[in-house]
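Visitor: One structure is given below, represented as structure tokens, and several questions about it will come after.
The values are calculated or read from the model by the stated rules, or taken from the named source; none is laboratory data. Keep in mind that this is a model prediction, so the values were computed, not measured. All Cβ positions, glycine included, derive from the backbone under ideal geometry; neighbour counts span all protein chains shown. Keep in mind that these areas ignore ligands, DNA and RNA; they rest on the heavy atoms of the full protein, side chains included. Shrake-Rupley method; radii C 1.70, N 1.55, O 1.52, S 1.80 Å.
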Amino acid sequence: MAFDFDLIVIGAGSAGVRASRMAAAQGKKVAVIEERYLGGTCVNVGCVPKKLFVYASEFRHQVEDGRGFGVDMQLNSFDWPTLRDNKTKEIQRLNGIYANLLKNSGVQIIEGHGRVVAANTIEVNQQHFTARQILIATGGWPDIPDIPGRELCIDSNQVFFLERFPRHIVIVGGGYIAVEFAGIFAGLGAKVSLVCRSGKLLKGFDEETRAYAQQEILKNSIDFIASEQPAAVRGLNGAEGELRLEFTSGAHVDGDCILFATGRKPNVQGAFADGLLPAMDNEGHLLVNDRFETSMPGVFAMGDITPGLKLTPVALAEAMCFVRQQYQGVDTPMDYANIPTAVFSQPELASVGLSEEAARDEGFQVSIFTSEFRALKNTLSGNAGRTFMKLVVDKNTDRVLGVHMVGEHAGEILQGFAVALKAGATKAVFDSTIGIHPSAAEEFVTMRTATR
Ligand code: NDP
């Protein structure tokens, strides 16, 4: 059977753009269907604009830190529309770059909502196209729990376009997005209440590291509301824009903006005609094998729509792996070991490899090395922030299994250590590495005595 395309990709986010460009570079005839914006969550309402907001929020701290160095700066005002609109202009520039990358690779961009309607067949804008292979890379969407008044709240897409800057923002959640925005809004001058139902931020990270991160993050004048479960939201009479978040306990918190950062749901439903849904897990992710094949022949999936780590670089790597497997005859599956990640909270938490708990669960006997200190800059700045570093080492082989850090530039620092872990570095290799002095990172190569 002759197909219109070798590959049709639904979703021009991180995975979709990379897969379609790389497949086209292999001489394949490729189309990518996108209904919203090129670049997906990461470029439009995720990593990139978030990092720009983080930069903006750091100036307040720099002004405060300057005084101990004799630098007397004044923070006169913060203009939210300037930040918001400059950010949007930069994102539009990136959208244009993505469009050019796709066009220059020979990928046909189809604007509209794509849906699998039959084997090898996609419907978009009432037209049908056929493809030998279909790749679903439609990502995820923020999920607000179904409570009364949820329509009064915003999600992590809307937060990038707020009409007016909140005086008091209530943020619900304890994951990446909640803590990153807590730091952003606190730094930009809003009052922040952070509501975390478990009382413990950043589930999934090394326990000791996440506890340290929580202690440091909450030093930023964040009002922490632990162990409360949202029950309802309602508008308050009298005060314009004032909202109340009520908890199941009967307690409440008031603010003029309520942001729910309570996780993201995979965008599966709209991608398939009724009755065609491939196998999914309990959370609605498409299940795939190590060749990214769903249970529907000829239909592949990757990125946030599948289970596993929801990180841009993972989606990009999956796309590269898919192209190698399908068009270059290299069968090697994607390697999910030692994926580094950073939370751009203030301070940052970054991590690569196994947590202490995961290492023990996997049967390793571990030595733990930790270091906790005040960074040199903070001696003069008077900033109360402290840094934490941790190595998880296999006692039997001396291999470093995990590297964890809470502190300034943790994300930048851990990227290099991720290379070391990938290369199978032992603690002896760390010990024989010369430090860069004076830096915080050198502490990772000077931890001589095990903590336990
Ligand atoms: P996460 O899954 O990281 O965190 C969700 C949080 O919401 C958890 O603290 C969870 O609590 C809480 N929660 C879930 N449901 C409810 C509820 N009904 N009521 C109250 N609290 C609730 O999701 P995020 O939305 O923060 O981020 C989604 C994903 O996006 C991340 O997992 C990450 O993979 C990715 N991301 C990556 C970034 C980066 O690389 N820097 C930045 C931002 C996002 P509990 O812990 O009790 O389950």
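Visitor: So which residues in the range 409-441 are within 18 Å of the chain's Cα centre (by Cα) and not hydrophobic (A, V, I, L, M, F, W, C), if there are any at all?
Guide: Of everything in the range 409-441, those that are within 18 Å of the chain's Cα centre (by Cα) and not hydrophobic (A, V, I, L, M, F, W, C) turn out to be HIS409, GLY411, GLU412, GLN415.
Visitor: Going through the range 328-352 one residue at a time, which ones are part of a loop (DSSP other than H, G, I, E, B) and either within 24 Å of ALA440 (Cα to Cα) or among the hydrophobic types (A, V, I, L, M, F, W, C) (or both)?
Guide: VAL330, MET334, ALA337, ASN338, ILE339, PRO340, PHE344, SER345, GLN346, PRO347
Visitor: Same structure, new question: Just to be sure I understand the filter: pairs with C-beta atoms under 8 Å, separated by 6 or more residues or on different chains, first member in the range 235-262 and open to solvent by 60 Å² or more (accessible area, probe 1.4 Å), second member basic (Lys, Arg) and not in a loop (DSSP other than H, G, I, E, B). Which pairs pass?
Guide: Matching pairs, first to second residue: HIS252/ARG244.
Visitor: Right, something else. Is there a residue being in a strand (DSSP E or B) and closer than 30 Å to ASP65 by Cβ anywhere in the range 353-367?
Guide: No, every residue in the range 353-367 fails to be in a strand (DSSP E or B) and closer than 30 Å to ASP65 by Cβ.
Visitor: Evaluate the following for GLU163: is it more than 12 Å from the ligand (Cβ to nearest atom) and not hydrophobic (A, V, I, L, M, F, W, C)?
Guide: It is true that GLU163 is more than 12 Å from the ligand (Cβ to nearest atom) and not hydrophobic (A, V, I, L, M, F, W, C).
Visitor: List the number of the failed condition for VAL400; all other conditions in (1) assigned to a helix (DSSP H, G or I); (2) touching a Phe, Trp or Tyr at 6+ places or on another chain (Cβ under 7 Å) hold.
Guide: Against the list (1) assigned to a helix (DSSP H, G or I); (2) touching a Phe, Trp or Tyr at 6+ places or on another chain (Cβ under 7 Å), VAL400 comes up short only on (1).
Visitor: If MET405 satisfies all but one of (1) open to solvent by 20 Å² or more (accessible area, probe 1.4 Å); (2) assigned to a strand (DSSP E or B), what's the number of the condition it fails?
Guide: Condition not satisfied by MET405: (1).
Let's see how each residue does on (1) at pLDDT 95 or above; (2) of a type outside the set (Val, Ile, Thr); (3) closer than 30 Å to PRO142 by Cα:
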| residue | (1), (2), (3) |
| --- | --- |
| ALA15 | yes, yes, yes |
| ALA19 | yes, yes, yes |
| GLY39 | yes, yes, yes |
| VAL48 | yes, no, yes |
| ARG60 | yes, yes, yes |
| ASP72 | yes, yes, no |
| LYS89 | yes, yes, yes |
| ILE97 | yes, no, yes |
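Visitor: If you don't mind, there's one more thing I want to ask. Among the residues of the range 100-145 satisfying the criterion of being within 24 Å of the chain's Cα centre (by Cα) and of a type in the set (Gly, Ala, Ser), which is nearest to the ligand (Cβ to nearest atom)?
Guide: GLY140
Visitor: A further question on this structure: Among the residues of the range 263-294 satisfying the criterion of being within 29 Å of VAL330 (Cβ to Cβ) and either of a type in the set (Ser, Thr, Tyr) or surrounded by fewer than 16 Cβ atoms within 10 Å (Cβ to Cβ) (or both), which is nearest to the ligand (Cβ to nearest atom)?
Guide: Among those residues, the one meeting the criterion is ASP281.
Visitor: Being in a loop (DSSP other than H, G, I, E, B), more than 23 Å from GLN346 (Cα to Cα) and free of Cβ contacts under 8 Å to residues at least 24 places away in the same chain, is that true of even one residue in the range 79-90?
Guide: No: the range 79-90 contains no residue that is in a loop (DSSP other than H, G, I, E, B), more than 23 Å from GLN346 (Cα to Cα) and free of Cβ contacts under 8 Å to residues at least 24 places away in the same chain.
Visitor: Can I ask one more? Tell me, yes or no, whether the range 182-191 has at least one residue that is in contact with a His (Cβ under 8 Å, 6 or more places away or on another chain) and either assigned to a strand (DSSP E or B) or surrounded by fewer than 18 Cβ atoms within 10 Å (Cβ to Cβ) (or both).
Guide: yes
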